[in-house]
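Visitor: Quick one: structure below, then a few questions.
The values are calculated or read from the model by the stated rules, or taken from the named source; none is laboratory data. Nothing here was measured: the structure is a model prediction, and the numbers come from that model. Glycine also receives a Cβ, built like all others from the backbone with ideal geometry; neighbour counts cover every protein chain displayed. Ligands, DNA and RNA are excluded from the accessible area calculation, which covers all protein heavy atoms including side chains. Shrake-Rupley method; radii C 1.70, N 1.55, O 1.52, S 1.80 Å.
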Amino acid sequence: MLVLFDTPAGHALFSLKKPEKLKDPDSLNKSFSDIDSAHKLVSLKAFSKFLDTAEALQSATALVEGKLSSGMKKFLKKNCVSSEVQETLAVADAKLGNAIKEKLDIPCVWDEGVMQLMRGLRSQIEGLLEGTTGPELRSMQIGLAHSLSRYKLKFSPDKVDTMIIQAIGLLDDLDKELNTYAMRLKEWYGWHFPELGKIVPDNLMYAKVIRHMGVRTKCKTMDFSSILAEEIEVEMKEAAEISMGTEVSGEDIKNILMLTEQVISLSEYRAQLWEYLKNRMNAIAPNLSVMVGELVGARLIAHAGSLMNLAKQPASTVQILGAEKALFRALKAKHDTPKYGLIYHASLVGQAQPKHKGKISRVLAAKCALSIRVDALGETSTATIGIDGRLKVEERMRMLEGRMPAAPSAAVPNGGPKQPMVTMYAAADSGR
């Protein structure tokens, strides 16, 4: 009996000297307790070493899928089919055994005894293989494991939607941290100069003013023209003169300034990350970016898991993506389902009147679904579909608000009077 054993270094074919041992799987453990006992049970008949990692990966992926690779087919033809006596071949996988039997007409066997035999061969493979050392075999194992993991995960450096998902997640985390740090800074420095928070409401400007000024007593003699407008600077200096804040020590202001540096550096990094995200979105999903903006588009992709997953969703799902909890709560309570999810934050929905937001979100979701599919499956990198879709949504919004001039008359079926297009849309939207 022959035993086919696939290693990271190549295909190995062993000759099993005592086939009767397969009937007693427990006794096989003793046979592989050391290398000398293993040599008494099996001997290496043939070994075909892989030329490179690509060949090893091809063989491993075929083995995982239960298929017969071209390299293994040639190896078995040379060492099994061409032999005078047809021997049974022990294999580890039933699918692979069926493939070998179908294509090469070699009788194969796989059972519990064969599995135990494979475990024993794996434990003593370094001593049983000739022409490979232990460190070399371990290096090949690591390389093949990494390559196989990339293949199974379908990993590709060109899959930039993964970068978008990570970037939008980091952007959300940065916003939370920045808000926490800025509020802490205002509360901390507010003991010394409480009026500054109302004069300079912007968090980044507030931090830059504190870094430039330090204590409020220096405010009158310092120039803030590079940071603030002239009228705000005058108001701040007047407030500093009559401020009701308490005095702070040098150690206190030192720690406040350290927090100020953190707020400024995080704000600058957030601006860089936003620019990176915007460029990535314009590269991978230009049509979606035109329709709903880079931020909402990135959130939709992240929520779906990938651009391809989002492209598989119908328009009705795109419309309520992000409102799953509200949807299932409404279905359970038999209430009205939500009209929008993440798409609510798109600028087109924001421009619509409150009573028209649901209708605009429905139209926008339909155009977004088309744009996403073009981005995911199309070959063009321009936003032609997105621009046309946005124009149609804006036209629909003007119709709903009555700001669009009457369109050419459309004939009504059954020979009735003609009705303007705007009136027909209004009648459809009112449910008549």
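Visitor: Hey, what's the chain come to in accessible area per residue, 1.4 Å probe, Å²? Intermediate results must be reported in sequence, preceding the final value.
Guide: On the way: 24460 Å² over 432 residues.
Per-residue accessible area for the chain comes out at 57 Å².
Visitor: Provide the solvent-accessible area of residue 105, counting protein heavy atoms only and rolling a 1.4 Å probe, rounded to the nearest 10 Å².
Guide: Around 120 Å² of this residue is reachable by solvent.
Visitor: So what is log10(I(q)/I(0)) for the chain at q = 0.06, 0.11, 0.12, 0.14 1/Å, when the Debye sum runs over its Cα atoms only?
Guide: Those come out to -0.57, -0.95, -1.02, -1.16, one per q.
Visitor: If you find the alpha carbon centre of the stretch 91-114 and of the stretch 356-395, how far apart are they in angstrom?
Guide: Their Cα centres are 53 Å away from one another.
Visitor: Can I ask one more? For the stretch 285-401, what size does the Cα cloud have along each of its three principal axes, sorted from largest down, in whole Å?
Guide: Principal-axis extents of the Cα atoms in the stretch 285-401, largest first: 45, 35, 20 Å.
Visitor: Once you list every other residue whose beta carbon is under 11 Å from the beta carbon of residue 56, what net charge do they have if Lys and Arg are +1 and Asp and Glu are -1? It would help to have the intermediate numbers written out before the result.
Guide: Working: positive: 49; negative: 6, 52, 55.
Local charge sum for residue 56: -2.
Visitor: May I ask for the net charge around residue 338, where only other residues with Cβ less than 11 Å from the Cβ of residue 338 are counted and Lys, Arg are +1 while Asp, Glu are -1? Display every interim value, and only then the final one.
Guide: Working: positive: 325, 329, 339; negative: 324, 336.
Result for the neighbourhood of residue 338: +1.
Visitor: Also, I was wondering about something else. Looking only at chymotrypsin sites (Phe, Trp or Tyr not before Pro) in DSSP loops with at most 14 other Cβ atoms within 10 Å, what is the longest site-free stretch of the chain?
Guide: Values: sites that count: 155, 191.
Between the exposed loop sites, the longest stretch runs 192-432.
Visitor: Can you pull the accessible area of residue 370 for me, 1.4 Å probe, Å² to the nearest 10?
Guide: Rounded to the nearest 10, that gives 90 Å².
Visitor: Spelling out what I want: for every residue of the stretch 250-267, take phi, set θ = phi - 60°, compute 6.51 cos²θ - 1.76 cosθ + 1.60 (Karplus), and round to whole Hz; glycine and proline get x.
Guide: So the J values, rounded to whole Hz, are x, 5, 5, 5, 5, 5, 5, 5, 5, 5, 4, 4, 5, 5, 5, 5, 5, 5.
Visitor: Also, I was wondering about something else. How big is the accessible area of residue 268 in square angstrom, nearest 10, if you roll a 1.4 angstrom probe over the protein chains?
Guide: Here the accessible area works out near 100 Å².
Visitor: For a Förster distance of 41 Å, can you work out the FRET efficiency between the beta-carbons of residue 235 and residue 333, rounded to the nearest 0.05?
Guide: Working: r = 52 Å, r/R0 = 1.27.
Between residue 235 and residue 333 the formula returns 0.20.
Visitor: Just to be sure I understand the model, the point goes 7 Å from the Cα along the line to the Cβ. What's the resulting residue 73 to residue 282 distance in nm?
Guide: 5.0
Visitor: A further question follows. Would you calculate, for the chain, the mean residue ellipticity at 222 nm contributed by helices, counting each DSSP H stretch of 4 or more residues as -39,500 (n - 2.57) and dividing by all residues, to the nearest 500?
Guide: Values: 22 runs with 262 residues, N = 432.
Estimated from H runs of four or more residues: -19000 deg cm²/dmol.
Visitor: Right, something else. If you bin the C-alpha pair distances of the stretch 159-277 every 5 Å from 0, what whole percents do you get?
Guide: Taking all Cα pairs of the stretch 159-277, the binned fractions are 2, 11, 21, 21, 17, 11, 7, 5, 3, 2, 1, 0 percent.
Visitor: I'd like the distance between the alpha-carbon centres of the stretch 286-305 and the stretch 222-282, rounded to an integer number of Å.
Guide: 32
Visitor: Averaged across orientations, what area in nm² does the convex hull of the alpha carbons in the stretch 2-153 project? Mind dumping the intermediate values first?
Guide: Details: hull surface 34.9 nm².
Answer in nm², one decimal: 8.7.
Visitor: Please report, as a whole percent, how much of the solvent-accessible surface of the chain comes from carbon and sulfur atoms (probe radius 1.4 Å). Don't skip to the answer; put the middle values down first.
Guide: Numbers: 13210 of 24460 Å².
Its accessible area is 54 percent carbon and sulfur atoms.
Visitor: Still on this structure, please answer the following. Give the long-range amide H neighbours of residue 90: residues separated by 5 or more places, or on another chain, with amide H under 5 Å away, using H modelled in the peptide plane at 1.01 Å from N.
Guide: Sorted by chain and number, the residues that satisfy this are 2, 3, 4, 109.
Visitor: Check the straight Cα-Cα distances from residue 30 and name the lysines below 30 Å, setting aside those fewer than 8 residues away within the same chain.
Guide: Candidates past the 8-residue exclusion: 17, 18, 21, 40, 45, 49, 95.
Visitor: Tell me, in nm to one decimal, what length is gained between residue 103 and residue 130 on full extension, where the rule is 0.36 nm per residue of separation less the Cα-Cα distance? Walk me through the intermediate numbers first.
Guide: Values: separation 27, 0.36 × 27 = 9.72 nm, distance 2.90 nm.
Here the answer is 6.8 nm.
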